[in-house]
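Engineer: Before I ask anything, let me first share the structure, which is written out below as structure tokens.
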């Protein structure tokens, strides 16, 4: 193979899950970094999980990040305020306990939750919301989107060669069990890619420089948090993990699915990025 046709494995960006406020925070961080001369669009691969799949599609497509930031300051009529009930959170907790340290078992448990707890939001409402958030329907070549097979629990990545539409892949990646409807693509059912890892950062293990944005960095049960996953990559790579600082945490609030928090969260993310941009640039180049 000609060396010019080989895929570069130098730089990767990992965008984790975190609800609609996670989208806003990541957009804010990307905006603040870009203002300071750090352009993450130049990554060789961009891996998006759940909220990160929406942001990843925009970043990988080359969409104007400043326009994306401005959109976070405006209300989206297609957004649907939702929250996780106490009962649903108890089901989630049981999934982590039952699945233990096996991500596939955890994924299968969440698949059952998605099947047995259909939300009040219809698939049509969810589709309209997904398409309103996406800035493109074309697959960027460097984008990978994660989702979990709801029947087997296996984590899967979709890309431009998967033969499915980008809105379908992103919808699957962000279909939080019990919050959003299960997504059917072909003969398979899919649920949120962030239920076995909020970032799935291990998918970037072959890259030399990795930046991870994780709006929800905490681990659950035996499932590692963002810091643990980042540490696992540092043996063979330079890794910079960005998680919400105290101001961003306050802006996000207690419900990551509350669209009314997006504006202040995006602003907090931008301010946070400005404070770390020099260090990020030194690593990213």
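The values are calculated or read from the model by the stated rules, or taken from the named source; none is laboratory data. Note that this is a predicted model, so its numbers are computed, not measured. Cβ coordinates were reconstructed from backbone atoms using ideal geometry, including for glycine residues, and neighbour counts include every protein chain displayed.
Engineer: Could you check segment 206-220 and list, in sequence order, the residues that are surrounded by 15 or more Cβ atoms within 10 Å (Cβ to Cβ) and within 30 Å of residue 98 (Cα to Cα)?
Structural biologist: Within segment 206-220, 212, 213, 214, 215, 216, 217, 219, 220 meet the criteria.
Engineer: May I ask you to list the residues in segment 191-205 that are in a helix (DSSP H, G or I) and either in contact with a helix residue (DSSP H, G or I) (Cβ under 7 Å, 6 or more places away or on another chain) or surrounded by fewer than 24 Cβ atoms within 10 Å (Cβ to Cβ) (or both)?
Structural biologist: Here is the first cut: in segment 191-205, the ones in a helix (DSSP H, G or I) are 193-195, 201-204.
193, 195, 201, 202, 203, 204, listed by residue number.
Engineer: Continuing with the same structure: Of these, 244, 224, which one is at pLDDT below 95, surrounded by 16 or more Cβ atoms within 10 Å (Cβ to Cβ), in contact with a helix residue (DSSP H, G or I) (Cβ under 8 Å, 6 or more places away or on another chain) and more than 17 Å from residue 147 (Cβ to Cβ)?
Structural biologist: 224
Engineer: Kindly provide the set of residues from segment 157-189 that are over 14 Å from the mean Cα position of the chain (by Cα), under 18 Å from residue 113 (Cβ atoms) and not in a loop (DSSP other than H, G, I, E, B), ordered by number.
Structural biologist: Matches in segment 157-189: 177, 180, 183, 184, 188, 189.
Engineer: Something else: Which one of these does residue 112 not meet: (1) closer than 28 Å to residue 61 by Cβ; (2) in contact with a strand residue (DSSP E or B) (Cβ under 9 Å, 6 or more places away or on another chain); (3) buried (at least 16 other Cβ atoms within 10 Å of the Cβ)?
Structural biologist: Condition (1) is where residue 112 drops out.
Engineer: Which numbered condition in (1) without any contact (Cβ under 8 Å) to a residue 60 or more places away in the chain; (2) part of a helix (DSSP H, G or I); (3) over 20 Å from the mean Cα position of the chain (by Cα) is the only one that residue 126 fails?
Structural biologist: Of everything listed in (1) without any contact (Cβ under 8 Å) to a residue 60 or more places away in the chain; (2) part of a helix (DSSP H, G or I); (3) over 20 Å from the mean Cα position of the chain (by Cα), residue 126 misses just condition (3).
Engineer: Residue 2 passes all but one of (1) more than 21 Å from residue 254 (Cβ to Cβ); (2) at pLDDT 95 or above; which number fails?
Structural biologist: (2)
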